[in-house]
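The values are calculated or read from the model by the stated rules, or taken from the named source; none is laboratory data. Computed from a predicted model, the values in this text were never measured in an experiment. So basically every Cβ, Gly included, is an ideal-geometry build from the backbone, and we count neighbours across all protein chains shown.
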Amino acid sequence: MIESLHIEDLGVIERADLVVSPGLTALTGETGAGKTMVLTSLGLLLGQRAEAATVRTGAARALVEGAFALDPSSRAAARALEAGAELDGDLLLATRTVPAHGRSRAHLGGRAVPSSVLTEVGAQLVSVHGQADQMRLRSVAAQRAALDGLGGAEHRELCRRYARAYAAHRQAAQELDTWRASARARAQEVEALRTALAELEALDPAPGEDEALRAEADRLDHAEDLRRAVCAALALLAGDEETGQGSGPEVTALLASADRALAPAARLDPQLAEAAERVRGLGIVVADVAGELAAYLSALDADPVRQAWVHERRAELTRACRGIGAPGVEHEDVDALLEWGRKAAERLAELDGPVDTGALLTEALEAAQAELEGLAAELTEARTGLARRLEHAVTAELEGLQMRGARLLVVLDALEEPGPTGAETIRLELSAHPGAPSLPLGKGASGGELSRIMLALEVVLAEAAQPDPQLATQDADRPGSRRRTLVFDEIDAGVGGRAAREVGRRLARLARSHQVIVVTHLAQVAAWADTQLVVRKESAPGPEASLGAGPAPDGAIGVDGDDGDDGDNEVVLTRTSVEAVAGRARVRELARMLSGHEDSQAALRHAAELLEEARMAQSHA
């Protein structure tokens with residue numbers, strides 16, 4: 001709900017502060033006074049595109065500030081908080097600055113935000129209905145939304161369930177189509193996997209086999225070098241293997257002598273015991289190493305047949321790592337090749353195993369189809385009932401709006417198969433009088449009739465959402481009320497007389513559950529308002545224009561009966577003010593709207609009668 005608006009230097013408005021009623025606020029004034037600028041200011045706060053041309057002539061920038069009361073737990077509050085805004089209790093402050101040159105800036109709750117955030121938050125708080133919105137009422141989407149809006153929360157949940165079922169059915173159909181379209185590719189993949197796995201099975205590599213063969217190949221290729229090195233080391237450690245004599249004292253004999261020399265001394269001096277023990281350990285280690293070298297030497301084989309086989313096997317494994325698997329992919333080693341084989345076997349079982357994926361996908365599609373058809377039938381039945389309710393309720397409202405004999409018809413055209421929003425299209429048609437054929441709103445309704453149909457729809461939908469007007473009125477009077485705002489821009493266009501009075505009556509009814517702002521030229525509508533704001537254009541003398549000083553600024557006019565070329569002329573600046581009127585001032589404004597003369601006694605009496613009639617009607621509502 002809008003609590004207040006502050007406007008500076010926007011169009012002809014130099015400065016204005018508007019306090020809006022929580023119920024029905026009427027915005028009135030002469031044609032061209034600047035009512036459009038008030039709506040423009042609200043549009044800026046709702047994220048509409050900012051035009052530098054709207055900045056008041058001579059001003060550096062235009063500024064619009066608005067205070068919105070909203071539920072801190074609402075989606076609008078959540079989106080504002082997500083954007084970094086801060087709430088002042090249940091108030092959200094929005095600001096839009098439009099410079100004469102450069103880009104506009106938007107702030108929400110004290111935080112700079114893109115104008116798109118204002119649009120997202122504003123869409124949850126305010127609905128604007130103007131001539132363009134009446135044209136949108138002719139769209140299929142808007143007509144479907146009007147019908148579904150009558151069903152309340154339970155029907156909205158049914159629509160959401162249907163939308164989820166439709167998405168699930170579409171996904172299941174796409175998955176099955178993809179499976180069927182790829183049948184040839186799967187067959188080729190199965191054949192390739194079988195061939196590769198057959199090659200791998202014939203090769204039968206062992207884990208780590210390539211590394212083991214590489215080490216063996218190195219030993220076989222350098223067998224003589226290895227034999228000479230081991231023999232030399234063994235001779236030094238334990239003597240010549242064949243004669244038992246080395247070229248000099250062997251290490252094992254020397255360590256044995258050292259051990260014998262230290263043994264008696266270690267018993268005499270404990271400090272030598274550790275050294276003697278270490279010498280004895282060295283003898284044991286050297287003996288072990290000599291034994292290992294002797295065993296290695298006896299096992300060292302330089303068989304050329306084995307050498308050739310090892311090289312051939314390594315070549316086979318290398319070719320397998322390069323050739324088995326996906327084209328262009330080389331496996332790093334045999335272990336990687338075996339891991340690919342394991343995954344390939346799993347993939348082959350998936351494609352060609354006992355589980356029929358195509359059958360499973362078909363079953364999933366059939367289940368999704370059954371659920372979708374069931375929800376489509378349920379939604380169609382619900383909409384059929386809502387269509388009768390909407391026809392009856394709106395037709396009754398149109399009767400009161402002086403469209404006697406006119407009937408709204410809701411036509412449900414079945415689709416060949418369920419679509420994203422249901423199994424039918426929804427079309428609103430108007431029968432202008434008894435016996436007349438019903439025509440779609442785009443063909444059978446004038447601009448004025450569309451205005452009244454839109455108002456009738458809003459009233460019906462609002463009363464369906466708030467079935468107890470007494471509770472709605474009590475809530476509207478509660479401090480901090482956070483109701484949605486509906487703005488009607490000249491919704492009474494094309495109507496007059498008794499029809500205009502009924503438009504005002506219905507706007508007042510709508511204001512029991514919503515905050516309503518209406519821009520109107522009709523006193524019969526404005527009389528029903530809780531607050532009436534008058535936009536007035538004023539002329540104020542500005543600085544004198546000197547001869548040759550240049551043209552007067554935009555919005556300034558010359559007086560004294562000439563065209564402003566005389567240097568003695570005074571310059572007059574045009575400004576617009578907005579003020580709330582009450583009591584006699586309001587009667588005079590209504591009289592002006594009725595007759596064009598605010599001092600006409602007949603018009604004044606008529607204005608007072610309109611106010612009294614509206615007051616009495618609302619007191620008995």
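Only residues that are closer than 22 Å to A364 by Cβ and among the acidic types (D, E) were counted in the stretch 144-194, giving 2.
The selection criterion, being assigned to a strand (DSSP E or B), at pLDDT 90 or above and surrounded by fewer than 18 Cβ atoms within 10 Å (Cβ to Cβ), holds for A112. Restricting attention to the stretch 282-304, the residues that are assigned to a helix (DSSP H, G or I), within 14 Å of R219 (Cα to Cα) and among the aliphatic types (A, V, I, L, M) add up to 2.
Do you know which residues across the stretch 95-109 are in a loop (DSSP other than H, G, I, E, B) and more than 18 Å from D71 (Cβ to Cβ)? Selection gives A100, H101, G102, R103, S104. Working only within the stretch 1-47, note down all residues that are among the β-branched types (V, I, T), part of a strand (DSSP E or B) and crowded, with 19+ Cβ neighbours inside 10 Å. Across the stretch 1-47, the qualifying residues are I2, I7, I13, T25, T28. Does A275 satisfy the condition of being within 30 Å of L361 (Cβ to Cβ), part of a helix (DSSP H, G or I), touching a helix residue (DSSP H, G or I) at 6+ places or on another chain (Cβ under 7 Å) and at pLDDT 85 or above? No, not satisfied. The sole residue among S115, S139 that is of a type in the set (S, T, Y) and free of Cβ contacts under 8 Å to residues at least 60 places away in the same chain is S139.
If you take the residues in the stretch 266-292 that are basic (K, R) and within 15 Å of L254 (Cβ to Cβ), which one is surrounded by the fewest Cβ atoms within 10 Å (Cβ to Cβ)?
First, the residues of the stretch 266-292 that are basic (K, R): 267, 278, 280.
Subsequent filtering for residues that are within 15 Å of L254 (Cβ to Cβ) retains 278, 280.
On the way: R278: 11, R280: 16.
Among them, the one singled out is R278.
In the stretch 328-337 there is at least one residue that is loosely packed, with under 13 Cβ neighbours inside 10 Å and touching a Phe, Trp or Tyr at 6+ places or on another chain (Cβ under 9 Å). Taken across the stretch 87-94, residues that are assigned to a loop (DSSP other than H, G, I, E, B) and either farther than 25 Å from L486 by Cβ or of a type in the set (A, V, I, L, M) (or both) do occur, with at least one present. Could you list, in sequence order, the residues of the stretch 291-345 that are among the hydrophobic types (A, V, I, L, M, F, W, C) and in contact with a Gly (Cβ under 9 Å, 6 or more places away or on another chain)? Once the filter is applied, which keeps residues that are among the hydrophobic types (A, V, I, L, M, F, W, C) and in contact with a Gly (Cβ under 9 Å, 6 or more places away or on another chain), the stretch 291-345 yields I324, V334, L337, W340, A344. Whether a residue is within 47 Å of the chain's Cα centre (by Cα) and farther than 18 Å from E339 by Cα was assessed, and A192 does not pass this test. Only a single item in (1) more than 60 Å from the chain's Cα centre (by Cα); (2) closer than 30 Å to L193 by Cβ is not met by S298, and it is number (2).
Has the stretch 361-371 got any residue that is over 32 Å from the mean Cα position of the chain (by Cα) and touching a residue at least 60 places away in the same chain (Cβ under 8 Å)?
Filtering the stretch 361-371 for residues over 32 Å from the mean Cα position of the chain (by Cα) gives 362-363.
Adding the requirement that they be touching a residue at least 60 places away in the same chain (Cβ under 8 Å) leaves 362.
For the stretch 361-371, residues over 32 Å from the mean Cα position of the chain (by Cα) and touching a residue at least 60 places away in the same chain (Cβ under 8 Å): present.
Quick check: anything in the stretch 153-169 among the basic types (K, R), more than 60 Å from the chain's Cα centre (by Cα) and part of a helix (DSSP H, G or I)?
Looking only at the stretch 153-169, we keep the residues that are among the basic types (K, R), and these are 156, 160-161, 164.
Those left that are additionally more than 60 Å from the chain's Cα centre (by Cα): none.
No, because not a single residue in the stretch 153-169 is among the basic types (K, R), more than 60 Å from the chain's Cα centre (by Cα) and part of a helix (DSSP H, G or I).
A residue that is crowded, with 20+ Cβ neighbours inside 10 Å and assigned to a helix (DSSP H, G or I) can be found somewhere in the stretch 123-142.
Might you let me know whether the stretch 82-91 holds any residue that is more than 27 Å from the chain's Cα centre (by Cα) and either in contact (Cβ under 8 Å) with a residue 60 or more places away in the chain or in the same structural domain as E589 (by TED's automatic domain parsing) (or both)?
Start the filter on the stretch 82-91 by keeping residues that are more than 27 Å from the chain's Cα centre (by Cα), which leaves none.
For the stretch 82-91, residues more than 27 Å from the chain's Cα centre (by Cα) and either in contact (Cβ under 8 Å) with a residue 60 or more places away in the chain or in the same structural domain as E589 (by TED's automatic domain parsing) (or both): absent.
Here's the yes/no breakdown for (1) at pLDDT 90 or above; (2) under 44 Å from the mean Cα position of the chain (by Cα); (3) within 22 Å of T36 (Cα to Cα):
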position: R512; (1), (2), (3): no, yes, no
position: Q515; (1), (2), (3): yes, yes, yes
position: G542; (1), (2), (3): no, no, no
position: S546; (1), (2), (3): no, no, no
position: G564; (1), (2), (3): no, no, no
position: D568; (1), (2), (3): no, no, no
position: A580; (1), (2), (3): yes, yes, yes
position: S600; (1), (2), (3): no, no, no
position: S619; (1), (2), (3): no, no, no
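Could you check A76 against (1) assigned to a strand (DSSP E or B); (2) of a type in the set (G, A, S); (3) over 30 Å from A582 (Cα atoms); (4) in contact with a helix residue (DSSP H, G or I) (Cβ under 7 Å, 6 or more places away or on another chain) and say which number it fails? Status for A76: all satisfied but (1). Which members of the stretch 518-539 meet the condition of being farther than 12 Å from V503 by Cα and either among the hydroxyl-bearing types (S, T, Y) or without any contact (Cβ under 8 Å) to a residue 60 or more places away in the chain (or both)? Matches in the stretch 518-539: T531, E538, S539.
A single entry from A308, A315, A359, A336 fulfils the requirement of being farther than 30 Å from E201 by Cα and not basic (K, R): A359. Apart from one condition, A462 fits all of (1) at pLDDT 80 or above; (2) touching a helix residue (DSSP H, G or I) at 6+ places or on another chain (Cβ under 8 Å); (3) closer than 26 Å to H155 by Cβ; the exception is (1).
Picking from L398, L390, L372, L360, which residue would you name as being touching a helix residue (DSSP H, G or I) at 6+ places or on another chain (Cβ under 9 Å), at pLDDT below 90, in a helix (DSSP H, G or I) and on the phi < 0 side of the Ramachandran plot? Only one candidate passes the filter, namely L398.
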